[in-house]
Amino acid sequence: MFSHSLPCFLLVTLFLSVSTVDFASSVPTKIGKGYKLISIDKTSDGALVGHLQVKQKNNIYGHDIPHLQLYVKHETDNRLRVHITDAEKQRWEVPYNLLPREKPPSLKQSINIISRKNTISLTSPSNYAGSELVFSYKADPFSFSIKRKSNGQTIFDSSSEESDPFSSMVFKDQYLEISTKLPKDASLYGLGENTQPHGIKLYPNDPYTLYTTDISAINLNADLYGSHPMYMDLRNVNGEAFAHAVLLLNSNGMDVFYRGNSLTYKVIGGVLDFYFFSGPSPLDVVDQYTQLIGRPAPMPYWSLGFHQCRWGYHNLSVVEDVVENYKKAKIPLDVIWNDDDHMDIHKDFTLNQHNYPRPKLLSFLEKIHNQGMKYIVIIDPGIGVNTSYGTYQRGLANDVFIKYGGKPYLAQVWPGAVNFPDFLNPKTVDWWVDEIRRFHELVPVDGLWIDMNEASNFCSGLCTLPEGRICPNGTGPGWICCLDCKNITSTRWDEPPYKINASGIQVPIGYKTIATSAYHYNGVLEYDAHSIYGFSQSVATHKALQGLQGKRPFILSRSTFVGSGRYAAHWTGDNKGTWDDLKYSISTMLNFGIFGVPMVGSDICGFYPAPTEELCNRWIELGAFYPFSRDHANFYSPRQELYQWKSVAKSARNALGMRYKLLPYLYTLNYEAHISGAPIARPLFFSFPNYTECYGLSKQFLLGSSLMVSPVLKKGKTEVKVMFLPGTWYNLFDMTQAIVSKEPHYLSIDAPLHVINVHLYQNAIIPMQRGGMISKKARMTPFSLIVAFPLGCTNGEAKGKLYLDDDELPEMKLGSGYSTYVEFYATVSQGNVKVWSDVQESKFALKNGWSIEKITVLGLDRIGAAFEVEVDGSPLVDTSKIDFSFTEHQYPQRLEEGGDKMKNMMIEVKGLELPLGKTFAMSWKMGTK
């Protein structure tokens with residue numbers, strides 16, 4: 001939704017241009033002399049517990065905490081934890097019930113569990129080795145390093161030399177600082193959410209501030225809606241790639257200074273809770289990371305279809321027209337959305353009975369549900385203060401709101417005066433679950449969109465309802481604060497000693513959000529819990545939706561934190577209809593895949609203002625390949641549904657037509673994300689980690705391991721410069737077209753207005769279907785397989801996977817009787833070609849009657865003969881309907897080393913009726929060239 005950030009854009013942009021902290025020129029002042037390790041012991045379960053003492057006290061940013069507890073444990077073979085906290089007093093940490101994980105020993109227990117026989121001499125060797133990682137320490141001043149066991153490579157080193165621009169470790173109540181040295185050739189990714197103008201790689205001396213904030217995504221290098229204090233580090237050692245990741249699990253606001261050869265955290269509270277993930281491949285890293293924070297949520301099949309939304313569908317008739325116009329334009333559409341237009345005066349869980357009368361809305365929903373379409377609406381966390389509003393009254397009765405001075409904290413969002421639910425309170429979660437249940441009985445929505453949950457507030461400070469005037473009065477923009485408010489500067493929580501670079505301009509951390517001295521359940525300060533607000537709302541909303549009918553939930557959340565992907569999808573917020581924003585969307589999407597939130601996309605054609613027709617053409621071409629594909633626009637922009645321009649409709653039919661053919665492939669990627677964390681959309685270095693040429697590549701990306709998307713990102717261009725890594729790449733829209741690359745290099749490829757380049761890489765098998773206008777119908781069409789061998793292959797193999805299930809079920813797994821998993825294999829060897837399958841849990845696929853009607857094999861150097869097919873081990877006797885044909889491959893670009901003279905074939909085997917739920921084997925002998 002359009003937030004208060006939009007009208008502030010010009011102001012924020014001005015501030016950013018003149019007032020942003022200069023991260024490049026700021027020379028950090030060294031603070032103190034660090035800590036000294038005075039004892040360290042081994043616990044009964046093999047962990048280390050140490051005691052640190054401050055060396056020299058100072059008052060910069062407050063008093064030092066004199067005694068710290070160090071806890072180190074190899075939690076798995078590839079994950080090491082280093083936890084540092086106050087040794088004498090409990091400190092705030094991300095709640096263990098919200099993000100489940102092992103607990104370090106409590107401060108009192110840590111003394112009791114230590115066997116004095118296991119006391120370690122501070123002068124003895126200081127290595128603590130696990131299977132993959134080695135923890136080493138120096139006692140005075142205390143520092144630690146993490147190394148790879150396999151090659152001795154240092155992946156983290158907190159020591160500070162005299163010449164370093166950073167301090168030894170600092171630990172105060174409201175200021176924590178720690179640094180690591182880095183090699184200059186390390187490539188870093190992550191530390192979001194922000195819009196990175198330089199691409200996916202972290203850029204030295206750019207500001208990286210983490211604090212969930214409602215400012216538009218058009219603000220570059222600023223703290224946006226989510227907080228993900230995790231980075232992946234990719235290094236190339238003598239041509240071999242090694243990746244690892246570092247998570248600082250801390251929800252407090254922080255600045256991270258990346259200088260190219262070092263990285264410094266400056267955090268305004270909490271603890272130092274580091275997790276190190278050994279990799280060594282990028283996919284290994286994300287697997288290990290999501291094993292800790294939670295695997296990405298399984299998504300329903302329909303969610304991978306196309307979505308249409310707009311703030312400004314004033315009544316139900318407009319929504320009905322939108323759905324009908326998509327059908328007339330023959331553009332696929334699965335989900336229609338409402339922003340808050342359906343609500344009664346912007347209040348959650350209500351209907352505007354005039355513009356969205358319930359009987360007519362229910363009739364509309366019955367109609368689209370029968371067709372397989374879905375309906376999603378928005379809810380914001382702010383609950384309108386209104387004595388006649390049932391949701392508010394029940395919330396008051398159950399004491400569910402965040403407090404200030406013993407009363408619900410008063411803020412302003414779209415309904416006017418609001419209170420914010422405290423999702424850390426178990427009673428609030430129960431109330432929220434019940435409100436969603438009540439609303440679902442009113443309107444049977446298929447998912448929920450939770451917005452403004454950073455949390456956003458149109459006012460700042462401590463506010464009261466104005467006397468003698470209506471607020472808001474219905475005139476002027478709804479985001480102007482009309483409550484009577486005063487700034488809160490009297491507490492150290494509202495004015496901490498260290499000012500993070502909030503909103504890119506060092507605004508107070510309570511600006512346009514909940515006052516940071518407000519408090520949650522059990523006295524938890526908003527100061528500490530601020531950045532987990534959207535995360536905690538996602539958890540509560542997921543519980544509510546899953547409990548409704550036992551179906552798989554779909555939740556879209558703007559604010560995210562570590563672990564949000566376990567519950568929700570994400571869109572990148574309020575973007576702008578510009579070519580730059582089109583480009584930036586790729587880096588943000590790829591980052592969220594690394595963060596464990598693979599279901600992600602940006603507002604196609606831009607949220608505001610009006611996009612040009614050419615831009616919207618190019619955006620739907622790219623957006624059709626976002627994991628989450630939705631067109632959304634703001635109230636004040638002209639209509640931009642894809643059928644509004646004939647040219648855009650043509651591009652949409654082309655790009656979305658391919659997406660709907662690829663739905664089984666995308667759904668299989670969704671399954672792989674759920675079981676291993678593997679991003680759906682990923683940088684090229686995930687598949688080609690040894691090639692440094694793709695480490696900073698931010699204008700093209702992979703879907704899974706094998707499909708490369710290369711969009712046009714500049715105005716007026718009809719070709720695109722594409723990086724091709726070594727191997728054979730086939731044009732997915734015309735598979736006779738092949739490009740062979742011996743070394744990584746760029747080629748300029750034709751890209752007329754209605755064309756996006758998508759290439760399939762060698763050694764892969766991808767499942768496809770015929771497509772359609774809606775995923776429910778497209779899903780029931782016959783399958784085809786695309787088998788891609790290297791061009792001219794005489795000895796090779798290809799592999800692929802397919803996962804199918806009842807996507808209404810909450811769990812995505814095998815063994816339920818409601819799912820099927822198929823592995824596809826193909827080989828070419830000694831003049832023989834063979835394609836076969838291995839089926840697990842066949843019952844579900846057989847019940848649905850799915851079959852394979854066509855198999856296309858790419859890259860062979862001759863045609864076939866002596867064709868044979870087996871199903872479940874028995875020969876297929878009647879092959880009369882099977883059509884075996886070939887087409888010569890074409891080469892749009894000159895191949896290296898005279899390769900353009902090669903004659904190679906695309907073989908198509910049509911007329912098949914192979915049951916998907918049964919194993920098959922198809923083979924033939926290679927005939928003449």
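The values are calculated or read from the model by the stated rules, or taken from the named source; none is laboratory data. If you're wondering where the values come from, they're calculated on a predicted model, not measured in any experiment. Don't worry about glycine lacking a Cβ; one is built from the backbone with ideal geometry, like all the others, and counts go over all protein chains shown. To get the accessible areas, we keep the full protein, side chains included, count just its heavy atoms, and leave off ligands, DNA and RNA. Shrake-Rupley method; radii C 1.70, N 1.55, O 1.52, S 1.80 Å.
Observations, loosely collected:
- Taking the numbered list (1) among the polar types (S, T, N, Q); (2) more than 30 Å from ARG653 (Cβ to Cβ); (3) surrounded by fewer than 24 Cβ atoms within 10 Å (Cβ to Cβ) in turn, SER278 passes all entries but (3).
- Scanning region 361-388 for residues that are outside any loop (DSSP other than H, G, I, E, B) and of a type in the set (A, V, I, L, M, F, W, C) turns up LEU361, LEU362, PHE364, LEU365, ILE368, ILE376, VAL377, ILE378, ILE379, ILE383.
- Residue match in region 652-667 (condition: without any contact (Cβ under 8 Å) to a residue 60 or more places away in the chain, in contact with a Gly (Cβ under 7 Å, 6 or more places away or on another chain) and over 30 Å from GLN291 (Cβ atoms)): no
- Candidates GLY831, GLY792, GLY815, filtered to the one that is on the phi > 0 side of the Ramachandran plot and out of contact with any strand residue (DSSP E or B) (no Cβ under 7 Å at 6 or more places or on another chain): GLY815
- Residues that are surrounded by 24 or more Cβ atoms within 10 Å (Cβ to Cβ) and not aliphatic (A, V, I, L, M) within region 212-228 comprise THR212, THR213, ASP214, SER216, ASP223, TYR225, GLY226, SER227, HIS228, listed in sequence order.
- Scan of region 504-541 for residues that are open to solvent by 10 Å² or more (accessible area, probe 1.4 Å), in a helix (DSSP H, G or I) and of a type in the set (Ser, Thr, Tyr), ordered by number: TYR521
- Inside region 839-863, residues that are assigned to a strand (DSSP E or B) and on the phi > 0 side of the Ramachandran plot make up a count of 1.
- Residues satisfying the stated conditions in region 321-360, i.e. assigned to a helix (DSSP H, G or I) and either within 17 Å of ILE450 (Cα to Cα) or touching a helix residue (DSSP H, G or I) at 6+ places or on another chain (Cβ under 6 Å) (or both): ASN325, ASP340, ASP341, HIS342, LYS360
- Residue tally, condition surrounded by 13 or more Cβ atoms within 10 Å (Cβ to Cβ), part of a strand (DSSP E or B) and more than 43 Å from the chain's Cα centre (by Cα), over region 864-883: 3
- Output for region 187-207, where each listed residue is within 18 Å of the chain's Cα centre (by Cα) and more than 16 Å from LYS583 (Cβ to Cβ): LEU188, TYR189, GLY190, LEU191, GLY192, GLU193, LEU202
- Some residue of region 667-682 being part of a strand (DSSP E or B), at pLDDT 95 or above, of a type in the set (Val, Ile, Thr) and buried (at least 21 other Cβ atoms within 10 Å of the Cβ): no
- In region 147-186, the residues that are outside any strand (DSSP E or B) and open to solvent by 50 Å² or more (accessible area, probe 1.4 Å): LYS149, SER150, ASN151, GLU161, GLU162, SER163, PRO165, ASP173, LYS184, ASP185
- Single residue of region 751-805 satisfying the filter (among the small types (Gly, Ala, Ser) and in a strand (DSSP E or B)) that is nearest to LEU666 (Cα to Cα): GLY800
- Just one of the listed residues (THR464, THR475) is open to solvent by 20 Å² or more (accessible area, probe 1.4 Å) and at pLDDT below 95, namely THR475.
- Out of ASN325, ASN398, ASN352, sole residue that is open to solvent by 20 Å² or more (accessible area, probe 1.4 Å), polar (S, T, N, Q) and within 15 Å of LEU442 (Cβ to Cβ): ASN352
- So VAL418, is it open to solvent by less than 10 Å² (accessible area, probe 1.4 Å), in a strand (DSSP E or B) and free of Cβ contacts under 8 Å to residues at least 40 places away in the same chain: yes
- Condition met for SER748 (in a strand (DSSP E or B), under 23 Å from MET922 (Cα atoms), modelled with pLDDT of 95 or more and open to solvent by 10 Å² or more (accessible area, probe 1.4 Å)): no
Conditions (1) under 28 Å from SER303 (Cα atoms); (2) of a type outside the set (Ser, Thr, Tyr), marked per residue:
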| site | (1), (2) |
| --- | --- |
| GLY796 | no, yes |
| LEU804 | yes, yes |
| LEU809 | yes, yes |
| TYR818 | yes, no |
| PHE824 | yes, yes |
| SER829 | no, no |
| LYS834 | no, yes |
| VAL839 | yes, yes |
| ASN848 | yes, yes |
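- Boolean, VAL433 is farther than 16 Å from THR516 by Cα and either open to solvent by less than 10 Å² (accessible area, probe 1.4 Å) or free of Cβ contacts under 8 Å to residues at least 12 places away in the same chain (or both): no
- Selection from region 576-624 of residues that are in a loop (DSSP other than H, G, I, E, B) and over 23 Å from GLY226 (Cα atoms): PRO609, ALA610, PRO611, THR612, ALA624
- Selected residue (only one of ILE38, ILE65 is modelled with pLDDT of 95 or more, open to solvent by 20 Å² or more (accessible area, probe 1.4 Å) and closer than 27 Å to LEU272 by Cα): ILE38
- Residues located in region 683-721, provided they are of a type in the set (Val, Ile, Thr) and open to solvent by less than 40 Å² (accessible area, probe 1.4 Å): VAL709, VAL712, VAL720
- Yes/no for SER317 being open to solvent by 10 Å² or more (accessible area, probe 1.4 Å), touching a residue at least 12 places away in the same chain (Cβ under 8 Å), more than 29 Å from ALA455 (Cα to Cα) and among the hydroxyl-bearing types (Ser, Thr, Tyr): no
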